[in-house]
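Trainee: Take a look at the following structure, please.
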Amino acid sequence: MKKIILSLAVVLVSLVSMAQKPEYYQAIGETFGQYATCKSVADFQALGNKFQMIAAAEKSEWLPLYYHAQCYILMSFIEQDATKKDGYLDVAEKSVTSLLEMVPSESEVSVLNAFYLVGRLVVNPMERGQEYSGLSGQALGKALALDATNPRAQLLQLQMEMGSAQFTGQDPKSFCPKAKELLANWDNFKPKSPIHPNWGKDQAEGVVKGCQ
Amino acid sequence: MKRTEISIITILFCLNAFTQTVITGRITEEKGEPLPGANAYLQGTYDGTSTGENGIFNLKTAKSGSQVLKVEFMGYEPFIQNLDLKGDTIHVNVKLKEAFNQLNAVTITAGTFEAGDKKQAVTITPIDMLTTAGAVGDVFGALQSLPGTTINGESGRLFVKGGDSEESQTYIDGSLVSVPYNSSAPNQATRGRFSPWMFKGTIFSTGGYSAEYGQALSSVLLLSTNDMPAEDQLDLSFLTVGLEVAGTKLWKNGAVTGTLSYNNLAPYMSLVPQNYDWGKYPESATGAVSIRQKTSKTGMFKFYSSFDNGSFMLSQENLDAAGKPVDYKLKNGNQFMNASWNDKLGEKWSVITAASFTNNTDDIQFDQTTVAKQIQGTHLKSVFSYPFSEKFILKMGGELFSKKFSQNVQFPNEKHDNSFTNHTFSGFTEAQIYASTKFVTRIGGRVEYSDYLNSFTVSPRLSAAYKITDKSQFSAAYGWFYQNPVDDYLLYTDLLKPERVDHYTFSFQSSANSRTIRAELYYKDYKDLVKLTGGEFYLPTSYNNSGSGYAKGLDLFWRDKKSIKNGDYWVSYSYVDTKRDYRNFPEEAIPTFASRHNLSVVYKHWFGKLRSLAGANFRYSSPRVFNDPNSPIFNGEKMLAYRSLDLSWSFLYRQHIIIYGAVTNVLDFKNEFGQRYSNNPNTNGQYPGAAIQPGSNQFYVIGCFITLTRKGNANQLDKIE
């Protein structure tokens, strides 16, 4: 993942001069490249800040908002203090809501919405499980309806199915053939541009590894 | 990306620049604590940075001339400053103001248990109500594990802070439920009519509530029903006491749910020994329809209607006829309708309109007496709210409660037909004012006019809350509360006026790390309670408002979801000191429904490997008093203390199949609720008595819940009782 992103960032920098909005592509590509080095909540917050700045400068672009929300969702996963998680998700929620209005038919945005809802669920699975698993399932359904080939939507769905199989005592390994197929076909999906969402392959690899 | 690469790029991009300006400073909150991770950037550019641990930022830019520095941080209001960049170093220290957000602001907790909010600070959620052992799926049963309540095993209804059960009212989606409980035989526990899984949120207020709520002396229970379901589904429930089928169908922006249930205790009661002889085991059939429709982006319309028919025959000893068994036969019919609509009107106004209608009939036969009772209740309500600013919200509204109660009693040689119709008109207004996120006051008032009693009342209400720290707060509430006298008196007289109680509540609450502690002190001053003068019951002049009383006490609540892995427990304790002089009391005395000490310990544990949620609930109420007409001391006898240990087990067999089992009073404690006596003395001048026992000492239930959806992965986990 790290290598891919680094090489991607290098490619991006070289693309800068060709782009229509060189400064935008430069900034987002550069910021995008820093994902790999982010480990802590503070790292992601600093990165999120950059995307927030870019979003403020480029009001018609949805990608900066997308990455801004993603940073805050990831923060909620990393954060150890349970009382802070909802605060980060409140920030993510705002960006997700504007994204859903801005590009309602973008499959990636629905995946992000599902990811955000999983974040809410994880804060308190006992109390939120029922409601938020339904909501994120709906969001994934929408993502797949918009683009059935979206590997991130398939990955999240697979992870949810495996999780609930484990919960109900079924063998999660029954989903392994599906996981392998997903990974094998991963690269068939071509993002619209180098800065469009392209994450998830390493998670898919992790799932397949877990099968062995 | 590595630092060197970044700096190389930075250098590359700075080549064009002739000058570089450095903007540096410290970003803090109002008290001067640094804010690490805050965003500082030049608006509309790509030049920005984040503050470090010490709140200091260092922003280098090649831009020149007039620029706008923007500082943003979550939970604070953004800061903007115009700068003139000339290639030098600019120092800007910023104090960010905390953003006002009602969700994060202090809330008034005096007297209130709120549930269903997505935030963490809640004390009890609807799922808690469902998974509390001992409640066996009864909303009111679950609430009896909260402080402020006293268990009355011979009633099953809510008794709150030294108040009688009639002093509590139940609302669904804003409108009144005139008959929230099932009909039961004298001295037999009842249950609520509504299944807890209908509700997504609950507010249980045990005192000092908002001016929006009237006609309740002791408590209001506000239930809000589920919003839009997620998908089409079919729910099947099989229990040892009955079965239920519920189907949900969605359409664009709307959904309908139909429910049919049939309960029959005959198989269960013939297997498990009962303390009473049932001539006909309790049997009931219910049908309900619920419709939800989004009326606009922000609007929602909900409709619920149910039909319920139940009957039973129970044999009780007639103490006036030397203990000869006499059949008590009851047939109940209940129709309930409830509709609500809420939406925004324009940018700011929001409106909630609700209506409910109840028609409840009880046909009772006892010995040679027949009683036919009918209640027809209608409630209409509209509430408008308008935020003058985020910190000042004004709410106002109007209500109409209409009630027609009729009772026909047929003795072998006489007949009494009585009825009354009352309309209570009311209006209220209330302002919620935030001085800051830390301090809020709510001030309001309510007026009511009752046409049958020709009475007019004014009730001021005042409450406030102050946050001492992020985690702890004090709240206080004060108010006058009026309620019309109970139906049984209004049947014979219209010379009464509403009963009144003044509440003084002071409460402390602290929550951190999934642990909550709460302590509440209260005093209730009862006035104008109805007294019987000793004249014939059917004469209007046999009643007056000369009664009075008080209740004071301490409620404690501790909940901990953290200390035990996969475990969650809470402990409630209530101390109540109360006396009254009302109804037929010859003097001030402790009422029979009040226990001095009340304890409830609830524990739940999730066994991941077994895919099971286990629950235990221990309840204790100290002995209550009762009256022995053979004794010269009024209410001078004490019944046994109430003790019960209840267990429940829910097993997730498959994702859509849950198997459930529960048993109450597993240790078989002896519970008795005092004695009942004959109406007339026997030849020795004595009133013979008999112990009031529960229907059975223990209750067992086994069930299976199946949810069928297209995807096949939903379940009724929140349906486990």
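Trainee: Within the range A:104-116, can one find any residue that is surrounded by fewer than 22 Cβ atoms within 10 Å (Cβ to Cβ), without any contact (Cβ under 8 Å) to a residue 24 or more places away in the chain and either touching a helix residue (DSSP H, G or I) at 6+ places or on another chain (Cβ under 8 Å) or not acidic (D, E) (or both)?
Mentor: Yes, the conditions are met somewhere in the range A:104-116.
Trainee: I would also like to ask the following. Conditions: (1) within 14 Å of chain B (Cβ to nearest Cβ); (2) more than 29 Å from A:S40 (Cβ to Cβ). A:S107 meets all but one. Number of the miss?
Mentor: (1)
Trainee: Okay, next question. Any idea which residue in the range A:35-68 is farthest from the other protein chains (Cβ to nearest Cβ), counting only those that are over 15 Å from B:N39 (Cβ atoms) and part of a helix (DSSP H, G or I)?
Mentor: A:Y66
Trainee: May I pose another question? Restricting attention to the range B:456-477, which residues are touching a Ser or Thr at 6+ places or on another chain (Cβ under 9 Å), buried (at least 16 other Cβ atoms within 10 Å of the Cβ) and more than 30 Å from B:G75 (Cα to Cα)?
Mentor: Residues satisfying the conditions are B:T457, B:R461.
Trainee: Among what's in the range B:298-317 and is under 21 Å from B:S183 (Cα atoms) and free of Cβ contacts under 8 Å to residues at least 60 places away in the same chain, pick the residue that is farthest from the chain's Cα centre (by Cα). So that I can check it myself, show each step before the final result.
Mentor: Our first condition is that a residue be under 21 Å from B:S183 (Cα atoms); within the range B:298-317, this holds for B:304-317.
Subsequent filtering for residues that are free of Cβ contacts under 8 Å to residues at least 60 places away in the same chain retains B:305, B:307, B:309, B:311, B:313, B:315.
Values: B:S305: 21, B:F307: 24, B:N309: 26, B:S311: 28, B:M313: 32, B:S315: 35 Å.
Here the answer is B:S315.
Trainee: Please find, among B:S290, B:S261, the residue that is surrounded by 15 or more Cβ atoms within 10 Å (Cβ to Cβ), touching a residue at least 60 places away in the same chain (Cβ under 8 Å) and part of a strand (DSSP E or B).
Mentor: On the way: B:S261 fails: touching a residue at least 60 places away in the same chain (Cβ under 8 Å).
Within the list B:S290, B:S261, the selection yields B:S290.
Trainee: I would also like to ask the following. Are any of the residues in the range A:156-169 part of a helix (DSSP H, G or I), free of Cβ contacts under 8 Å to residues at least 60 places away in the same chain and of a type in the set (D, E)?
Mentor: Narrowing the range A:156-169 to residues part of a helix (DSSP H, G or I): A:156-167.
Going one step further and asking which of them are free of Cβ contacts under 8 Å to residues at least 60 places away in the same chain, we end up with A:156-167.
Add one more test, that the residue is of a type in the set (D, E), and what stays is A:161.
There is at least one residue in the range A:156-169 that is part of a helix (DSSP H, G or I), free of Cβ contacts under 8 Å to residues at least 60 places away in the same chain and of a type in the set (D, E).
Trainee: If I filter the range A:81-102 for residues that are of a type in the set (V, I, T), over 30 Å from A:A148 (Cβ atoms), facing chain B (nearest Cβ under 8 Å) and surrounded by fewer than 19 Cβ atoms within 10 Å (Cβ to Cβ), do I get at least one hit?
Mentor: We begin by selecting, within the range A:81-102, every residue of a type in the set (V, I, T); these are A:83, A:91, A:96-97.
From what's left, over 30 Å from A:A148 (Cβ atoms): A:83, A:91.
Remaining after also requiring facing chain B (nearest Cβ under 8 Å): A:83, A:91.
Checking which are surrounded by fewer than 19 Cβ atoms within 10 Å (Cβ to Cβ) leaves us with A:83.
Yes, that holds for at least one residue.
Residue by residue, here is whether (1) within 14 Å of another protein chain (Cβ to nearest Cβ); (2) crowded, with 17+ Cβ neighbours inside 10 Å; (3) outside any strand (DSSP E or B) holds:
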{"position": "B:A519", "(1), (2), (3)": "no, no, no"}
{"position": "B:F585", "(1), (2), (3)": "no, yes, yes"}
{"position": "B:N598", "(1), (2), (3)": "no, yes, no"}
{"position": "B:L610", "(1), (2), (3)": "yes, no, yes"}
{"position": "B:P629", "(1), (2), (3)": "no, no, yes"}
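Trainee: Another question, if that's okay. Return the pair list, or none, for Cβ contacts closer than 7 Å from residues in the range B:130-144 that are under 14 Å from B:A616 (Cβ atoms) to residues that are of a type in the set (F, W, Y), at least 6 apart or on different chains.
Mentor: Note: pairs meeting the criteria are B:V136/B:F699.
Trainee: Please identify the pairs in which a residue from the range A:129-150 that is more than 9 Å from chain B (Cβ to nearest Cβ) and under 24 Å from A:K192 (Cβ atoms) has its Cβ atom under 6 Å from the Cβ atom of a residue that is among the aromatic types (F, W, Y) and outside any helix (DSSP H, G or I), counting only partners at least 6 apart or on another chain.
Mentor: Listed by first residue and then by second, the contacts come to A:T149/A:F189.
Trainee: Here's another thing I want to ask about it. Taking B:S548 as meeting all but one of (1) closer than 29 Å to B:V601 by Cβ; (2) modelled with pLDDT of 90 or more; (3) of a type in the set (S, T, Y), write down the number of the exception.
Mentor: (1)
The values are calculated or read from the model by the stated rules, or taken from the named source; none is laboratory data. Computed from a predicted structure; not experimentally measured. Cβ atoms come from the backbone with ideal geometry, glycine included; neighbour counts cover every protein chain shown.
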